Structures are given as C-alpha cells and as structure tokens.
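J.: Next up is a structure, given as structure tokens.
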Amino acid sequence: MKLRAFNSAVCLTTASFLLVSCGNGSSGNSGGGTSSSSQLSQYVASLQYYPNKPDALAANKNQLLIPISSPVDLQDIQVNFYGDKNCSNGLSTVKMTGNASLKQGYYVTTDKANFMVVSQFAGGLEEELATKSINVSYRFKNGNSTISRCFNHGNVGEKLADWGHSSNQDTKLQANTANPIACSASSCQFAEPYIESLSVLSYQISYPNTPPTGIGSSYSLVVTNNSSAAISLTGLQFTLRADAAMQDAPAISTSSIWGVNLSSVSQSVGACYGVNNGVCDVMYDLTLNSSQTLAANGGSVTVEGMPNGNSQTAGGSTSGGLPLYNDVAHNVYGYDTTTGNVYTSSASSIYNNLQNPNPNKLLGAYFADWTNYSTPSGRMFPAESAGLNSFPVPYVNSLTYDVGYLNGGNGSIGLADNWADPTYLQQFSYLRAAHPWLNMAISFGGWGSGSGTAGYPSQDLQQIFEANSPSLIQQTAANMINTAILYGFNGVDIDFEQGVCNISASWCVNGTLVLDATSVANYQALLSALSTYAKQVTTESSGSPLYGKVFNISAALPVGINALQSYINLGGNYQTVLESVTYGNLMAYDYHGQFDAGDASSGVSDALAGLYRSQYSYGSSNYEQYYDINDTLTCGTTSNQCNGYQGYFALAPNMAGKLNLGIPTYTRVENLASPATSNGTAIYQTLASSQTWAAQGGGVVSYRCVYNSNYCAQAKGDYLPQALTSSNLVAWNYSSAAMMPWFYYVVSGTPYFGTFDNGQSAANKVSYANTQGLNGYFTWEIDEDVPMQDANYAQYGITNNICSASGSCLNQ
C-alpha cells in the first residue's frame, strides 16, 4: 500500500512531526510516558523512545518521528476521516482521551501505535483511500498542537490495511495484541518509506536581482539534496494559497520558463479554510520528462520563473475581497514514481538551529514596505537566500508588516504597493516557513503619508466605522483574517490613529482625522470581530492547517495621556480593547518633536520617547508634563495621581501582561530658536517657529544614520545636517529623566537638537518593562536599526540589546 502526502507537517515550539526512514523502533525503549490504562497512555506506551535524534533516525522504515523539546502532556488525539482525498470534506472525528505525558527526546511510531489510531473508526481499516483520506491531530495541554499530513491513495482498490491477509480481519480491533497487523509489506497507514525531511531535501526562494533588492523580479525555487547519497526524482510538487474563487492562482503550463524539462503540469484544489473557507490550497505537480538525479551533499534542481505578481494593480482585490497576490511556494517535495519514494523538504535558512529567542516575551518589530524607497543600497532585506544576513531574525519572534490597503467603502483588501509588496510579502512568508516560531502579522491603518494607494490608511478605517454597519464590520474583519492567511501570516494588527485625511466629512478637520463616538464604538466592534474569527479559524475544523495554531490580533495603542482621556470621553473602554486582542502595542514614541513649536506651554526641545517625567516644568495643569512612558502606564494609580488623568494600569487593571512597549529606532531633529549656552543645556530650549531641516519628513532620521553617517540614505532624505562626532554628541545623559542619549550642534548658525534610543537605553527600557510586568517590546521600525554586519552591532544594535535584556536571548 502506498500513500501520498499532500500537506506538510507543521513544526511547533514543543512538538512537531517529521517523516523518517525508520521501522518498528526495536532498538529504542518502549513508551517513555505515563503508564495507565487510558487510550492515550496505551498509545504512548506503544511508541519507541530515544533520548537522541541520531538513534531515532537510525531505525528502519515507515514511521513518524515526534521530537519533544521539553516535557509536555497530551490532551487528546483526534483522528479525522474525510470523504474526499484532500482532507476537506470531513466525515467523522474520533478522539483518543486519557492522561499521558511525553518527556524530552524523540518518539517514533510503531505498527501497533498506527493500528491503534486508525482502528478508532468502525471499518476504518477497510476503507478505500482512492477517494478518501485521513489525518491526525495531536493536542497538548500547554495549548500547542500539530496535525499530521493529509494521506490518501490514488490507486483504486488499495485499502488502509492489506486485506489480502485474512488475519487482518481478526486483528483489526485488537490493539493490545503483541503484533497487530496494521501495515502491508511495504507501508503503514501513515507513511511510505519516506526519508527524514530535514536531512534530505531543503528548498529556498532566490531572486535574480539580489542583492540589494529583487523587487519586481520573479523568483526561482531551488530544491537541494542535503543527504550523503544521491537521489532520483521524477517530479516535484508544491502548494500555493489562493482565494476561494482561484482568481489569484497562477496558471502554469509546460510552456512556462521552468529551467527543467517537463512532460506535464497539473493543478488541483486542496483544502479550503479561513473565515468562510475563503482561502484554498492549490497543489501543483510538475512531472519531469525523465528521472533527474540530485547529487549527494548539495545537488539541486531549480524551477525558474515562479510567479511574483508585480503586474497587478495596487489596491486591486479579488471578488472575495482579498488582494490579487501570488503566494510563495511551500509544502515542497519531490518524488520518484519508479521507487515510490517521496522526499519532503523544509525551508532552508542561512542560520543553523535557530529557536525562539525568548518564548516568554514578545520580541517584536514593525517592517514598513516603504523601506524599499527610503533606505540606502545594502539595506536590510528579508530574503535570506539573497546572501544578506542583515535581517535580525535571531533576535525577534514577532514581525508586523506595514501596511495593508483597506478599501474604506466595502472593506476589501488590496496591495498598498504593487511594486514592493508582492516580493516582500513572499519573502516574509518564506522567512516564517524557515523559522516556524516566528509570528507574522499584517497591519492596517497608521498615520498616513497623504499620497499613494494607502496614503490615508486610518481614514480608510474611519470610513468603515462611520458607515455604522455591523455587516460591513464583519466582512472587513473576515477579509483581514483571510488576507493574513493568504500571505502565510498568523496575525492582524489594527493601527487606528488620528492621522491625515483628505475627505469632506465632519470628522476630517484641517486634514487631520478626529474621533467621534461612532468611530470609537465600531473600532472596538472590529477588534471583537477579529478576535471571534481568529478563534474560529483555529478551532472549528480539525482538517485545517490552522487548527490548533495561534492567530494573533493586536492593536497599536496611543500613549498621550490626553488622547487616552478623549477616547474614554467618547465612550471607549481600554479594558474592552485589551480583552479583545492578543496584545496591545504601545506607540511609546513621538511624545515630543518639532510639532511642539508654537505651543506657548510646550514648545521646547524634549525627549522623543522619555522613560520618566520631564525635568521641564510644563505647568501643573498641562497634560504634556505626563508625556513619558512611566506616566502613560501608571498615571491614575495610587502611587501616581496625575491631576485626574489616567494611564493604562488605571484604565485597564490587570492587563499589563497584554502590553508591549514600543522603542523607536529613529530620532526627530528639532530646530532651536537660538543656540544653547553649552551642549549640556540644549535640552528644554525654545523651539524655532518653523523647521528648516527635513520639514516635510518631520525631521525623522534613522538611528543607523545617527550612529554612523555611512548608513545614511543621502538621496532619500535620511541624513543629519552634519555628521555626529565626539565633539557634538552627548553620548549619554543620565541627568535627564528621559534616560536617552541626545545630540546638539550648530550648522551655519542654525542650532539642531535630537534624542534617540541606542543599545544601552533600549536595554534600560526593557528592564523597566519587565519590572512593570509587560508582555514584551517592539521597535518601530526594524530597518532603521544598525545593520547586523556592523562590527559593533553587539554593543550598539537596538534589536539585539532588547533581546539580551529581555531575560532570555537563546540565539546569542
């Protein structure tokens, strides 16, 4: 009996499943878990346990390898039986329950274990898999879970067990017998003679124009043999996600530029999932003209001309409300029809053995698609196969991609930038495939630029809210969730700000968005709908690749103490907001800048993102005296009364564990009205009435440029009036409550001032956040940090110093 696997196993933090070339595991120890009479304990007792992976891989044939990184308790095993061959039309589900624990090490299934699982169905062993399929979901008490591949068999008449042996009928329900017959001579229910995927094939995506960009280019899919023996292939298969109507599923034919000679190309639709099954898997099978041998230790085959999708229209969406986007290949495997061997693969990485750097804290960052236009050559680029290792994936476990385009009229989703987005989105999807512990979200909203397709992103959200339509809120939430799934992400971020607007409406005043009671109520309704759908797509269908996984909903939150009060006055409730989301991202920056100029009470040079209350006297009645991180959190608590203003701890008690602290990777250059008497007195000086430096950009300059002028993007406006030197830089000023470094200098008679975070101040903020019990930390935006390849990155990089100070940084 031969079974062909269609869906790759998904690796999780605690347990994952790999197909291995192994047998009954007779060289290992039986069991290794709890011993009792429950179904689960009997199942675990039938497994073979190995403390070391090499020993587990040394066994013979046809089984599954279960790596356990730390002790874990099984909650149940769900055996799912389907009426089609793609694990989408569920017929029935049977649970194996009880108590069982797995210790750290490696478990290998046995014929007996497989028999126990499949025999949960009455008649399960006799079902023909030509038109039916099975998969198995393993759920753990710590909240993690994983699901096996979808298995079927295309040969009519083949059955789950070899019914040519009459003894099978006598043993099919006898799981406790010493030698139950659950396999044919060559295969068990769950596997062909696969070879362990991580040691055999790997795949990567490669862009011809990298470095430094690759934007606008189709990519190549490179499949590599990593084993010490040559293997032969007669075909390749991979999966792309598409909208349910298949409008963004590229048609592929033998006339395509593949770089290999093909005899046929087939395309079939697999499982559909997401909200209302709005996203479907499309499987592509490329049959080679003749068997191709991949040499040992690095032999490869390249599929060229994989679809990128840059010809699409920015903002364009499918009839289902999802972006017109071509997914990146995943679930890649090769096969040899002459031997029946199927070789699974894993996404390759330039890093060896990376793990979640801190499983107990969020180490996050926002990445903006406009970095393609605002950073110098040699900038951070997420495609590891490009040969650039400047993306600090060893130090983060959560990334948010900014920005998604939302149609404010109907809630459909499109690409904000049809040039950069298709490539970037593919690369981040691939990055997550290579590092499965990496959470990825797509962000909607933001301040806005006033130009381009997504130039007014919070205005688009406001239009949805002002329509005051529950059905539109639900549809928008569904489109957002399905868009993230289409991208291979597992999160949605809402960044609703009082940003720029250009619409004739009561809530657009002098080009700035103003909240009202309707927008506040429907903002909270959207977060609630997103939360509901996130739970739905991860729990309702055991056949879905999302089943039992994590899908995060986050909200970017304001920090101005007066903004919090205004939100409450309009009927908002931050307790409700935080109960609806996985976590809230505190935008703890832009407290001060040149935008303060002209304000009689606050128009002075002050900290961009100060940790503690300013030493400048703003006046007892002025809320700007509370423009600092500590007051954003603690105002209104017993120990910190703030003239009636309330921070998050007072507005949402016991929600500290859902808050992430934002740390900027930029400065805002300010113009002083007159030179300071000395460098040390430049802070708290009156600002000039107008900004003469980078006025259109608000004086924003990246931290990497502050650190080293060689990293400034001169042609893109990312540079300082004058490079910083030891004579004009106050490297660290502990006397300032801001706890941030700052610079001051005079160029052609004009005095300039700016504060910024560096590695040391970022670590100090992390320590503060830990003391306050926050969930984690993030940077805005990650590409503005010092590049990883810098010789002094360990000392001055912000991202890695956040990780180091978090309490655990396992990849250092």
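The values are calculated or read from the model by the stated rules, or taken from the named source; none is laboratory data. From a predicted model like this one, the values you see are computed outputs, not experimental measurements. Counting neighbours? That spans all protein chains shown, and the Cβs are built from the backbone with ideal geometry, glycine included.
J.: Would you confirm, using the coordinates I've provided, whether Tyr612 is under 21 Å from Ala688 (Cα atoms) and touching a residue at least 24 places away in the same chain (Cβ under 8 Å)?
T.: Taking the combined requirement at face value, the residue does not satisfy it.
J.: Just checking, does the stretch 284-291 include any residue being at pLDDT 90 or above and within 19 Å of Tyr487 (Cβ to Cβ)?
T.: Yes, some residue in the stretch 284-291 is at pLDDT 90 or above and within 19 Å of Tyr487 (Cβ to Cβ).
J.: A follow-up question, please. Return only the number of the condition from (1) surrounded by 21 or more Cβ atoms within 10 Å (Cβ to Cβ); (2) touching a strand residue (DSSP E or B) at 6+ places or on another chain (Cβ under 7 Å); (3) of a type in the set (S, T, N, Q) that Asn758 does not satisfy.
T.: If we test Asn758 against (1) surrounded by 21 or more Cβ atoms within 10 Å (Cβ to Cβ); (2) touching a strand residue (DSSP E or B) at 6+ places or on another chain (Cβ under 7 Å); (3) of a type in the set (S, T, N, Q), just (2) comes out false.
J.: Moving to a separate point now. Are any of the residues in the stretch 507-517 in a loop (DSSP other than H, G, I, E, B), among the small types (Gly, Ala, Ser) and touching a helix residue (DSSP H, G or I) at 6+ places or on another chain (Cβ under 7 Å)?
T.: no
J.: On to the next question. Do you know which residues across the stretch 238-254 are out of contact with any helix residue (DSSP H, G or I) (no Cβ under 7 Å at 6 or more places or on another chain) and closer than 25 Å to Gln204 by Cβ?
T.: Phe238, Thr239, Leu240, Ala242, Asp248, Ala249, Pro250, Ala251, Ile252, Ser253, Thr254 - these are the residues of the stretch 238-254 that are out of contact with any helix residue (DSSP H, G or I) (no Cβ under 7 Å at 6 or more places or on another chain) and closer than 25 Å to Gln204 by Cβ.
J.: Same structure again: Please go through the stretch 719-729 and pick out each residue that is at pLDDT below 80 and under 14 Å from Thr667 (Cα atoms).
T.: Leu729
J.: Within the stretch 559-566, can one find any residue that is more than 24 Å from Thr483 (Cβ to Cβ) and free of Cβ contacts under 8 Å to residues at least 60 places away in the same chain?
T.: Within the stretch 559-566, one or more residues are more than 24 Å from Thr483 (Cβ to Cβ) and free of Cβ contacts under 8 Å to residues at least 60 places away in the same chain.
J.: Turning to a different aspect of this structure: For the stretch 313-349, give me each residue that is out of contact with any Ser or Thr (no Cβ under 8 Å at 6 or more places or on another chain) and at pLDDT below 90.
T.: Across the stretch 313-349, the qualifying residues are Thr313, Asn341, Val342, Ser349.
J.: Still on this structure: Picking from Ala600, Ala676, which residue would you name as being surrounded by fewer than 22 Cβ atoms within 10 Å (Cβ to Cβ), farther than 23 Å from Asp757 by Cα, at pLDDT below 95 and not aromatic (Phe, Trp, Tyr)?
T.: Step by step, each of Ala600, Ala676 is checked, and only Ala600 is surrounded by fewer than 22 Cβ atoms within 10 Å (Cβ to Cβ), farther than 23 Å from Asp757 by Cα, at pLDDT below 95 and not aromatic (Phe, Trp, Tyr).
J.: Still on this model: Anything in the stretch 648-668 that is out of contact with any Phe, Trp or Tyr (no Cβ under 8 Å at 6 or more places or on another chain) and assigned to a loop (DSSP other than H, G, I, E, B)? List them, or say none.
T.: Pro653, Asn654
J.: Specify the residue that is surrounded by the most Cβ atoms within 10 Å (Cβ to Cβ); the eligible residues are those in the stretch 344-374 that are among the polar types (S, T, N, Q) and over 18 Å from the mean Cα position of the chain (by Cα).
T.: Checked the stretch 344-374; the qualifying residue surrounded by the most Cβ atoms within 10 Å (Cβ to Cβ) is Ser345.
J.: Here is a list: Ala477, Ala525. Which entry is in contact with a helix residue (DSSP H, G or I) (Cβ under 9 Å, 6 or more places away or on another chain), farther than 30 Å from Val328 by Cβ and in the same structural domain as Tyr612 (by TED's automatic domain parsing)?
T.: After ruling out the rest, the residue left standing is Ala525.
J.: Condition first: surrounded by 23 or more Cβ atoms within 10 Å (Cβ to Cβ) and not in a helix (DSSP H, G or I). Now tell me which residues in the stretch 609-640 satisfy that.
T.: The answer is Ala609, Gly610, Ser614, Tyr627, Asp628, Cys635.
J.: Assuming Thr254 fulfils every condition listed in (1) of a type in the set (Val, Ile, Thr); (2) touching a residue at least 12 places away in the same chain (Cβ under 8 Å); (3) farther than 28 Å from Tyr405 by Cβ apart from one, which condition is it?
T.: All conditions are met except number (2).
J.: Quick check on this structure: which one of Ser702, Ser709, Ser689 is modelled with pLDDT of 85 or more and over 25 Å from Tyr796 (Cα atoms)?
T.: Ser689
J.: Report yes if Gln789 is surrounded by fewer than 21 Cβ atoms within 10 Å (Cβ to Cβ) and assigned to a loop (DSSP other than H, G, I, E, B), otherwise no.
T.: yes
J.: Right, next: Of the residues that make up the stretch 327-342, is at least one of a type outside the set (A, V, I, L, M), in contact with a Leu (Cβ under 7 Å, 6 or more places away or on another chain), part of a loop (DSSP other than H, G, I, E, B) and within 20 Å of Leu546 (Cα to Cα)?
T.: Yes, the stretch 327-342 contains a residue that is of a type outside the set (A, V, I, L, M), in contact with a Leu (Cβ under 7 Å, 6 or more places away or on another chain), part of a loop (DSSP other than H, G, I, E, B) and within 20 Å of Leu546 (Cα to Cα).
J.: I'd like the full set of residues that are in contact with a helix residue (DSSP H, G or I) (Cβ under 8 Å, 6 or more places away or on another chain) and either aliphatic (A, V, I, L, M) or not assigned by TED's automatic domain parsing to the domain that holds Ile561 (or both), limited to the stretch 607-623.
T.: Once the filter is applied, which keeps residues that are in contact with a helix residue (DSSP H, G or I) (Cβ under 8 Å, 6 or more places away or on another chain) and either aliphatic (A, V, I, L, M) or not assigned by TED's automatic domain parsing to the domain that holds Ile561 (or both), the stretch 607-623 yields Ala609, Leu611.
J.: If we keep just the residues of the stretch 450-494 that are of a type in the set (Ser, Thr, Tyr) and closer than 17 Å to Thr538 by Cα, which is nearest to the chain's Cα centre (by Cα)?
T.: Here the answer is Tyr487.
J.: Still on this structure: What number of residues within the stretch 421-456 are surrounded by 21 or more Cβ atoms within 10 Å (Cβ to Cβ) and within 14 Å of Ala368 (Cα to Cα)?
T.: Selection size over the stretch 421-456: 16.
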